[in-house]
Every structure is written in C-alpha cells, then in structure tokens.
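The values are calculated or read from the model by the stated rules, or taken from the named source; none is laboratory data. Everything numeric here is computed off the predicted structure, so don't read it as measured data. Virtual Cβ from ideal backbone geometry, glycine too; neighbours counted across all protein chains shown. We work out accessible area using only protein heavy atoms, side chains counted, and drop any ligands, DNA or RNA first. Shrake-Rupley method; radii C 1.70, N 1.55, O 1.52, S 1.80 Å.
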Amino acid sequence: MNELKTLRVGILGFGTVGQGTWKHLSENESAWERILGIRLVPTRASVRSLNKERTVSVASNVLTVDSRSIVDDPDIDIICELIGGVEEARELTLRSFEQGKPVITANKALICEHGDELFKAAEKAGVRYAFEASVAGGIPIIKVLRESLVANEFPLIYGIMNGTSNYILTRMENEGASFDEVLGDARELGYVESDESLDLDGVDAAHKAVILGYLAHGMWINLKDATVEGIRRISNEDLSAARELDCKIKLIGVIRRSFDKNFVSIGVYPALVPMNETIAQTDGVFNGISLTGTVVGTVVLTGRGAGQDPTAGSVISDIVDVVKGMQGQASPPKLLHVTPDECEPAPLREISGSFYLRLSVDDRPGQLAKVAECLADHDVSLATVSQTPNDEKQSASIILTTHQTNEHSIGLAINSLEKLDGVKEKPVLFRMFDPNGFIEK
Ligand code: HSE
C-alpha cells in the first residue's frame, strides 16, 4: 500500500486557539485521511514561555520561542498565525508567503490594519491567506458571505460581533447588575481581552465589521471613517427605557451600502434593537450576524463567537480548504477590489436614523423646553419624551427619542446640548436600529 502524503502544520502562538487547533487536528487524524487522502499533522508550535502550564500537553521538543524558525522550517507546509497583535504577526505572515506557505489566521486587528497589503502579498506569492476564525469565532460567516451567498449584493449586514460586551449587557439586562460588577465577573471568567478597550470600546467589533465590509463591498474602510463606540455609558436605566420601547440595547456592528449613491458606511455602537429581531434575542457570549442580500433576503447566523473549540473549528475548516486548494480542488472566489469612484465611505449627512437620548438636567421650569428648542435648531424632531425627577439631587433624567434625522445634525445637536445651561453631563446618545433604515437618498 502507498504511504499517505503528510502535510505538516506549524502553529504560531500556542494560546487558547492555538492549543484548540492542535487538539482537534490530532484527535481527528483519521478524518483528514478520509476526507483529504493525506496525513495532516500538527508538528510545531511557538510560545512566549516554555515553562507555562498548558491545558493541551505536547512533547516539549515541538515547542519553541522562535516563531521564525517554524516559518523557515522546510518540513512545515502550512502556517497558522494565532499569535495576535499586529507588527510581529504581519512580519511572520509576509515571511510565510515569501516561503510559499499558506497562512491561516484568527487575527482581526492585523487584517483590519494591513489586509490590503497581506491579501495582495498572498496573491503575488500564489498562496492562500485564510481568515474564517477572524470574525465571530465558530460562526462560518466568511464562507457564507464569500461563497454561499455569492449571488447577492448586501444593502445591510449587522449584528453582535463581540461576545464579551454582549455577556455584560445581557447580565445587566437580566439581573439588574451594574456594569462594574459584571465586568469584574467577565474578567474572572477570562472573557475580557488583555487590552480591555478592544471589548469595551467597540474596537474588536469594529475590526470584524471592517473585514465583513471588505468581503461584501470590496473596500477597506479605515476605522477613522467609521463610527466606533462602546458600552461604557450604558446604564441600567437605559436598558429599562429600551424595554419600554420594546427594544434591547445591543452593541452592534452595522455595514450599510447605498447602491444608488455608491456609499458604504460602517459603524459599531450600542443601539436599541427591536425585540422581534433575532439579534435582540442573541444573548450572553453569543454572536449573531444578520445578512440581508438582494437575492436571498435575510439570513441570520448565531453561535459561539469566541472560545477555544469554536474558534479552533474555524481554523481547521480553513486548513482543510487550504489543503484542498493545494490539491488543485476548488478555491473560493477571488476577493473583490473596488476603486473609490465605484464606492466610497458615506458622509455623515447621508446616514440617517432615529436616536435615543438621555440627559441629566437641573429640574427647573422651562428646562425641557430649552432642550426641545436646541434640538429643533438642528432640525431634530422629537418622537417621545419621558422625565424622571431625582428630588434629592434636584435634577431630572430626560429620555427622548427622535424622528428620522442624519448623523451630522444629531452630532451638532449633541454638541449644543452639552453646552446648554442646566445640562449636567455629556448627553448619552444611542442609535435606534431600523432594519429598513437607509443611507439618505
Ligand atoms: N474578545 C472577543 C469577543 C473574542 O469577546 O468576542 C473573539 O474575538
């Protein structure tokens, strides 16, 4: 009998996902032989410290602190970059391409910042750069968007792209617990990134939204052209007020496209999502992404957006695809590249919607009228108003919702409100998500 060919996998970064990838590759050894007709063997992995205790135990001679030595090792055929961070990961990825080695990654920050350069380098080297695990962990969103729904254009893609912030909001919502209390628990459970701002300030979700925006529209949106807000200003009062409006507050990434004007807009922000949307019912650490395509209508995918096993599953699905490509089997369609005359970031005046505002004001005659007048000066029309007095502080909390306006006008209105006599702190502003909302025509 002929000896089966062996392809060897090198893993850069043996953290949670790296170890999961090793574990599932090893455990399912016979499956790879069956479906690919080869032996697929995790062979070496790089670590920051050789002495750290790990949940997946491997022979000590397969670990190294020198990631480059794995990239350069002629016995290693496929590289998994699971190291995180940007600069070192970029350098190792480019080096792998130069060696003619395909790279599988879960690194959304790297793709968001250097995707254009890296995809071009992979194409030039004639190797695959695969990134299913970079968005929404175990949910196969990249493949669905790029392959299964290839007949569509996408006026709207939106959803929950960060599990940690969704966990925090869900517990605040269900238990009335405070933000700080739940954040403490999330830290203990190991959910929060070591740079907490990635989870709490919307940055991690924005990296993922930029990748989806690129896949859907062929354009790398710079984060400075995107609205990126986090969950730190959401209070239990906001969550109750949202419930009264039959909504839940979720941190969502929203990618909209106007095909009339050729604008694309990307935003990550807390929004009041109508309770009947699947995304509003996606709770805990789960992610959920709703794709509205011109052919299929709306498809919603929900599932585990992080964690060892789900994310390793996505890495391995990419490894299998890469091997199929190496064997001459079908590759995914080429990635789109549009030029600025075909599509550009939407200016704020073109992005419209309704808004939720919470203001803390002095409780005195005429204060509400002044707030309404300030909004009217910026053409912002009120839809609902409610006020709760706080007698001890002689202040009141005013919660307003607006009719449809645009991001430019509401931004000016908020600046004026902040300076208005009797307004005690920076107003809290959330968007009201409308699945039929639009970029202004
Ligand atoms: N910190 C991320 C999250 C991990 O909470 O979703 C997966 O990217």
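Points to keep in mind about this one:
- With R₀ set to 41 Å, the beta-carbon distance separating Arg232 from Asn51 gives a calculated FRET efficiency near 0.65.
- Virtual spin-label span in nm between Arg243 and Val65, 7 Å along Cα→Cβ: 5.2
- Under a Gaussian network description of the chain, with springs only between Cα atoms under 10 Å, the residue in Ile231, Ile35, Ile316 that fluctuates furthest is Ile35.
- Each residue of the range 183-189 was assigned a 3J(HN,Hα) from its phi angle through the Karplus expression (A = 6.51, B = -1.76, C = 1.60, θ = phi - 60°), giving 4, x, 5, 4, 5, 4, 7 Hz with x at Gly and Pro.
- On Cα atoms only, tilt of 163-175 relative to the major axis of the chain in degrees: 40
- Hydrodynamic radius (Kirkwood) for the chain, which is based on Cα pairs only, to one decimal in Å: 23.4
- Largest mean-square fluctuation among Ser57, Ser360, Ser409, in a Gaussian network model of the chain whose springs join Cα atoms under 10 Å apart, belongs to Ser57.
- Here the sum of -39500 (n - 2.57) over DSSP H runs of 4 or more residues, divided by the residues of the chain, equals -10500 deg cm²/dmol at 222 nm, to the nearest 500.
- When peptides 117-130, 159-172 are ranked by their average number of other Cβ atoms within 10 Å per residue, the highest-first order is 159-172, 117-130.
- Tilt relative to the chain, helix 308-326 - C-alpha long axis, 0 to 90 degrees, to 10: 50
- The H on the amide N of Ser395, modeled in the peptide plane, is under 5 Å from the matching H of Asp363, Asn390, each at least 5 residues off or on a different chain.
- In degrees, nearest ten, helix 108-125 long axis to first principal axis of the chain (Cα): 40
- Among Ser416, Ser60, Ser197: highest mean-square fluctuation, GNM of the chain, C-alpha pairs under 10 Å: Ser60
- Solvent exposure of Lys370, expressed as accessible area, is near 70 Å², computed with a probe of 1.4 Å over the protein chains only.
- Counting only residues at least eight positions apart within a chain, or on another chain, the lysines with an alpha carbon under 22 Å from that of Lys334 are Lys101, Lys108, Lys120, Lys124, Lys143, Lys208, Lys324.
- Per-residue Karplus couplings for the range 254-269, computed as 6.51 cos²θ - 1.76 cosθ + 1.60 with θ equal to phi - 60°, are listed in order as 10, 10, 10, 10, 9, 7, 5, 9, 6, 9, 10, 10, 10, x, 10, 6 Hz, Gly and Pro entered as x.
- 3J(HN,Hα) from dihedral phi, the range 401-418, Karplus parametrisation 6.51/-1.76/1.60, rounded to Hz, x for glycine, proline: 10, 10, 6, 4, 9, 10, 4, 5, 5, 5, x, 5, 4, 5, 4, 5, 4, 4
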